[in-house]
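Contents: one structure, followed by commentary.
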Amino acid sequence: MMKSLSLQLAKEGITVNNVAPGVVYTDRNVEALSDPEYAKKVTDSIPVGFYGEPEDCAGIVSLLCSEEGRYITGQSIYVDGGKSIQ
């Protein structure tokens with residue numbers, strides 16, 4: 001969908017991208033990550049060795065929404081501590 005929309009809207013000066021976060025510590029998963037055994041299993045599966053914080057996604061979102069990101073369209077950008085490269 002993102003690639004199709006990016007092609008359809010490019011002539012209008014609209015960029016469409018996808019930010020794909022990995023494990024990010026939020027209210028949604030605080031209970032699951034409070035289990036030390038599960039948290040270790042999760043962090044062991046992430047190359048950087050820790051899960052992200054919401055702020056870790058904010059920079060790329062800011063870039064994509066700014067003039068500096070105007071030439072980026074049709075992309076999926078993984079913010080996942082390297083998990084997607086395994």
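For this structure, a couple of remarks:
- With a simple spin-label model that places each label point 7 Å from the Cα along the Cα-to-Cβ direction, the separation between Lys41 and Thr26 comes to 2.2 nm.
- Around the Cα centre of the chain, unit charges on the Cβ atoms of Lys, Arg, Asp and Glu (plus for the first two, minus for the last two) sum to a dipole of about 420 debye.
- Given [x] -0.33; [y] -0.59; [z] -0.20, the label whose value is log10 I(q)/I(0) by the Debye sum over Cα atoms at q = 0.10 Å⁻¹ derived from this model: [x]
- Solvent-accessible area per residue in the chain equals 74 Å², computed with a 1.4 angstrom probe and all protein chains kept.
- Cβ-based net charge around Ser34, under 15 Å, with every Lys or Arg adding one and every Asp or Glu removing one: -1
- Straight Cα distances below 28 angstrom link Lys40 to the lysines Lys83, with same-chain residues fewer than 8 positions distant left out.
- Cβ-based charge dipole, the chain, positive-most Cα from Val19, Thr73, Gly52: Thr73
- Each Cα pair under 8 Å and six or more residues apart adds its separation to the average, and for the chain the resulting relative contact order is 45 percent.
- Protein accessible area in segment 26-86, 1.4 Å probe - carbon and sulfur %: 54
- Label separation (Cys65 vs Ile77): 1.2 nm, computed from points 7 Å beyond Cα along the C-beta direction.
The values are calculated or read from the model by the stated rules, or taken from the named source; none is laboratory data. From a predicted model like this one, the values you see are computed outputs, not experimental measurements. Glycine gets a Cβ as well: all are built from the backbone with ideal geometry, and neighbour counts include every protein chain shown. In case anyone asks, the SASA skips ligands and DNA or RNA and just uses the protein heavy atoms, side chains included. Shrake-Rupley method; radii C 1.70, N 1.55, O 1.52, S 1.80 Å.
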